[in-house]
Structure formats: C-alpha cells, structure tokens
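Read through the structure below, which is laid out as structure tokens, and then see the notes.
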C-alpha cells in the first residue's frame, strides 16, 4: 500500500513537472510570437508612415535622421494677420486651427499635410520681380480650374514657361508640368502646380532621360585624327594656369566648322538658371568651339575665362496677363560666394 502511494506521488510529481514545463514553453512561445508580431506591426506601421512621407525606409538617414520625422510647420511674418488669415482661408481654402495664447499676435492654419503659422511682424519679401525666388508650392490635380478661380477673384497669376526635363521611363512621354505663381497680400510668392508628377520623378518612380548628351573629344576621321590628343589637351587644360592657357590653345588647330550637335547641346544649357552658358550669344559659343577644335571641355574653359569673376543669371520667363515677360538678368561677383 505504501509502495503504491509512493509510486502515485512520483507519477503525480512527474506529471506536474511536465504540465509546468509545457505551460512555461507555451507561455515562452506565446511571448516570442507576440513580440515578433509587435515588431512586424511596428515595421509595417513605419513603412506605411514613411510611404505617406518621402522617406525611404531602406536608405540610411544621416545626422539627426533617426530622430527627426517630418516638417511640422512653416512660419511667415505678415503685416496684417487678419488680412493674411482671410486670404489663406477664404481664397486658398486652408482651415484655421487652435493656437495657444502667446504674447504676440498671430494665427495658425493647416494646409492639409503641414501647418502655416502667421506671425505679426515685418514681412521678408524677395526684392526682385521674377519667379526665381523662395516660395511655398501647393499641389492640385486641377491646375486650370484653380487658375480660373484665382483670376475670377482678381488674383494676379504668372505662368512659368520653364520646361522640366522629365520623361516616363517606358513610354518616353514627356510629363507636362504646369506651374503658376501668385502673391499673398504681403507679396510672398506662392506656386500652384501638378507637383505630384515632379515628386514621382524625384523619388525615382520615373527614370530621367537626359536629352543633353556630351560626346567629348574631336570627331573621328577628321584631319586632326589622333583622338588621344583630345584627352591629352583636356588633362593639360586642367593643369595649366591661366597664364599658360593661351599657349595651350595656340597648339590646337582651329576647326573649320562648328560641330552642330555640340553647339546645340551647349545652347540648351542656357535654359538652366545660373549655368555658364547664360549670357553668351550663339556667336560666342560657336567661336569657342572653333577655337577649341570642337572639344567641349576646352570650349567651356575658354568661355569660363572670358566670363572672369562674374556669374550671369537669367531668371525664368513667365506669362503675365497673357504676355511673355522676360525678367532682366543680373550679374554677381563669384567672390561673393567665397
């Protein structure tokens, strides 16, 4: 009888141990699966969150990248808060939101995905009359309708004629970017565009197809046939001082005719704001190509020396009241940037 009780205690103990072990194992597995699910949910949530912004979760973010999430608001100083508030609410359709009580006059609005804070103060307006300025851009899928409404409200609208070089990778179809600029009551520049196309292009949803291609060197089968000479001159052009550059140019036979393809490519660069080619005439560019035997790097070097310490800027043209407006160019000393 006693032996049977001992056996029963041993079996009961083993059974309890097994039940306890299984309970711990089940609990441990449940915790692991729960943590994995939480981690997975966190990853999915992070990816969905970053997809709603522009962050690429697979690409490293440097500096404070692991701490900063997004832009919260843009603040501008306005001369009359009430007037600006009426413009942004009644004209642009933004919504006023709650604002804490500060010891200064102002108003807060939401622009949909970011806030706009109006602060009573002295407006900081660009002292130029062109659209090559800092601005806030608003996105719409119905640019023409919005522009029509703005004009009905007597808002002066300027249309940018700047062409964006963006192409869909498969169809090679040019994307039509419509950009219009107007001002708020203080003169801050605002842009209206179908900017989602630019965003898709910038985030590599479309691959760029650059239509400006440079084929450096001299053309094959010309009288000056040693193609290695082009590379040799290019290296010497980089090493030579300005004093010896004229001697280097004298060593290069002058071309009999301009390479039209290279000329057209250099002329295209005049549409790029701040590019070296801005301010140079067709004759200037042709002469540089002839002088350099159609070697593009040397032609650029010649024009760079001709420009000297000055930078030429030609702001983009725009359409105002149905007429094309060409803003005046301006020149800045390169020493200003040093």
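Read-outs throughout are calculated quantities, based only on the coordinates presented, and are distinct from any laboratory measurement. Fair warning: this is a prediction, and the values are worked out from it, not measured in the lab. Here the Cβ is made from the backbone with ideal geometry for all residues, glycine too, and neighbour counts use every protein chain on show.
Annotations
- All Cα pairs of region 71-124, percent lying beyond 15 Å: 42 percent
- Packing, taken as the mean count of other beta carbons within 10 Å per residue, orders the peptides 121-129, 194-202 from highest to lowest as 194-202, 121-129.
- Stretchable slack from residue 310 to residue 326, in nm (0.36 nm times residue separation minus alpha-carbon distance): 3.7 nm
- In terms of surrounding Cβ atoms within a 10 Å radius of their Cβ, 91, 74 rank from fewest to most as 74, 91.
- A simple spin-label model places pseudo-atoms 7 Å from Cα toward Cβ; at residue 104 and residue 31 they are separated by 5.2 nm.
- Placing R0 at 22 angstrom, the Cβ-Cβ distance between residue 141 and residue 76 gives a FRET efficiency of 0.30 after rounding to 0.05.
- Peptides 101-109, 273-281, 289-297 ranked from most to least packed, by the mean per-residue count of other Cβ atoms within 10 Å: 289-297, 273-281, 101-109.
- The stretch between residue 199 and residue 178 holds 6.2 nm of extra length on full extension. This uses 0.36 nm per residue minus the Cα-Cα distance.
- Each residue in 69, 77 was given a count of other beta-carbon atoms within 10 angstrom of its own, and listing them fewest first yields 69, 77.
- Placing pseudo-labels 7 Å out from each Cα toward the beta carbon at residue 149 and residue 260 gives an inter-label distance of 4.9 nm.
- Förster radius 41 Å - calculated FRET efficiency between residue 156 and residue 281, Cβ distance, rounded to 0.05: 0.80
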